[in-house]
1. Heads up, I need the accessible area for residue 249: 1.4 angstrom probe, whole protein in place, Å², nearest 10.
2. Taking only the alpha-carbon positions of segment 336-461 and ignoring solvent, what does the Debye formula give for the base-10 log of I(q)/I(0) at q = 0.20 Å⁻¹?
3. Over segment 301-410, what portion of Cα pair distances is larger than 22 Å, expressed as a whole percent?
4. How would you order 217-223, 170-176 from highest to lowest mean count of nearby Cβ atoms within 10 Å?
5. Which order do peptides 94-106, 152-164, 428-440 fall in by mean Cβ count within 10 Å, highest first?
6. Using the Cα atoms as the points, what is the convex hull volume per residue of segment 233-390 in Å³?
7. Work out the P(r) tail for segment 306-363: percent of alpha carbon pairs separated by more than 15 Å, whole number.
8. If you average 1/r over all unlike Cα pairs in the chain and invert the result, what Kirkwood radius do you get in angstrom?
Amino acid sequence: MRAGPEPQALVGQKRGALRLLVPRLVLTVSAPAEVRRRVLRPVLSWMDRETRALADRHFRGLGGDVPGVGQAPGRVAFVSEPGAFSYADFVRGFLLPNLPCVFSSAFTQGWGSRRRWVTPAGRPDFDHLLRTYGDVVVPVANCGVQEYNSNPKEHMTLRDYITYWKEYIQAGYSSPRGCLYLKDWHLCRDFPVEDVFTLPVYFSSDWLNEFWDALDVDDYRFVYAGPAGSWSPFHADIFRSFSWSVNVCGRKKWLLFPPGQEEALRDRHGNLPYDVTSPALCDTHLHPRSQLAGPPLEITQEAGEMVFVPSGWHHQVHNLDDTISINHNWVNGFNLANMWRFLQQELCAVQEEVSEWRDSMPDWHHHCQVIMRSCSGINFEEFYHFLKVIAEKRLLVLREAAAEDGAGLGFEQAAFDVGRITEVLASLVAHPDFQRVDTSAFSPRPKELLQQLREAVDAAAAP
C-alpha cells in the first residue's frame, strides 16, 4: 500500500540539501543534442517513500551479496486486476524476492499490436503485417539446427518469412527448410512512432534501454513471431537482466529454473543443456548431477498475458500455437548487482580460457577486456559508462525534485537508484581489473563520481 506524503518540513530539509549539492554533480552525456532531448527524463516507476525504505532495508541486509539459490515455488503467481496491483505490490511480491509472475490479458488489452496484428479469430494477421512491414529485413533462426547452445540465424524480408510461414502451415507444420522462427527483431528501434504497446509501469525503470537509447545505436526491445512448434533453447537472459514477454497472439509454454539450479543440469564437461526436455538429461553418465535439479516451474502463457522473468532464471520457451510476442530485457537498481556479478564471472571465464598467454602476451589484461566485450557485449569500461549515464539522469531528477514542491515520486525513485549505483560502483572501482583500465580521459574520474554519489546519498537520507 502506498504511504502518505512525507512531512513537509522533512521534505524541505532534504530538498534544501540537494539544491546545494546536486547541481555540481550533474555530468555530461556524450550523445547528440536531439538524442539528449529525447531521452533526458526516464519514465520513473511509482516508488513511494515506504517502498524505497523497504527496498533499501532489503539491500542493506544483503550486505552487497546477491540473493542465494532457492527452490522454484509450487506455482506461478497470477495477477488479474490492473487496478488492484500497484508498483509497490510488484516490488514486494516479485522484484525483491526475484520471483516470476504472470499478468492477465487485462494489462495489455489497449495495445495497438493486439488490435491490429491479430485477426478476429485470434491468429496472426498476415495481411496487415505485410502491408505495414513487408519489406523490412528481419532475423530468422532455424529451430531444427543446433549451433552451440543456440540456433543459426539468417536474414530475410518479412514478406519472405510470412510466405514461408503460410506454406509451413499448409504443409501440416512441416518444411524441408526446417522450423524457422523470427527472433530478436528490433521493431521499436526501427519504427519508434508505431503504436505497438504501452510500457507497463512495473517495468518503466529500465536502465538497459535508457542507456542504449542515449547512445542511439541499439536497444533490448524485441518482437518474436513463429509457428506452433518453434522454440527458444535453454538460456538465461543477457547480463542476467529481467525480462517481460507479452503474447500478442498465440500461447507459449515456459520451463523456468531458479538461479543455481542450472548447475545441476550441466554435463560432465561443464556445459549447460541445449534442450531440458531431452532424454539425454536422464543419462547420469553424461549428466551426473541432473537428479539433484528440482522440476522446472511450468507456465502456459495465453494470448495477451504478460510473463515477468526474474534475474538469473534459466528458461526454455515453446510456442504452442502460431504466436507473436513482444519481449524486453531490462536492468535497474533491483538487479544491478546481479549484472555486476555476471560481468565478473564472464571476465574470469575469459581469463581462464587465455591464461596460458598471460606471461607472453603484451597487455594481456586489456586483451581480456576486448575478448569479454566481443563475447558478452560489454566490458568493465563500458559498464562504468553505463553506470555514469544512469547516474547523471538520476542526479538531474534529484535536482529537479529538490527545486519543485510535490515531486516526491521522482525524488524517491532517483534516491533509490543512486544508492544502488553507489554500492555497485564502489565494488567496480575497487576491482583490480578495473584499476588496470585507463580512466585518464573519463570525466568525471571514477573515484570522483563515487564520492559525488555518496554525498548525494547522504543528502537524500538527511533527516
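1. Its accessible surface works out to 0 Å², give or take rounding.
2. -1.09
3. Percentage above 22 Å: 58.
4. Result, highest mean first: 217-223, 170-176.
5. 94-106, 152-164, 428-440
6. 133
7. Value for segment 306-363: 69 percent of Cα pairs lie more than 15 Å apart.
8. Its Kirkwood hydrodynamic radius stands at 23.9 Å.
The values are calculated or read from the model by the stated rules, or taken from the named source; none is laboratory data. All figures in this text were calculated on a predicted structure; none of them were measured in a lab. Please note: Cβ atoms are built from the backbone with ideal geometry, for glycine as well, and neighbour counts cover all protein chains shown. When the accessible area is computed, the model is the full protein with side chains, heavy atoms only, and any ligands, DNA or RNA have been set aside. Shrake-Rupley method; radii C 1.70, N 1.55, O 1.52, S 1.80 Å.
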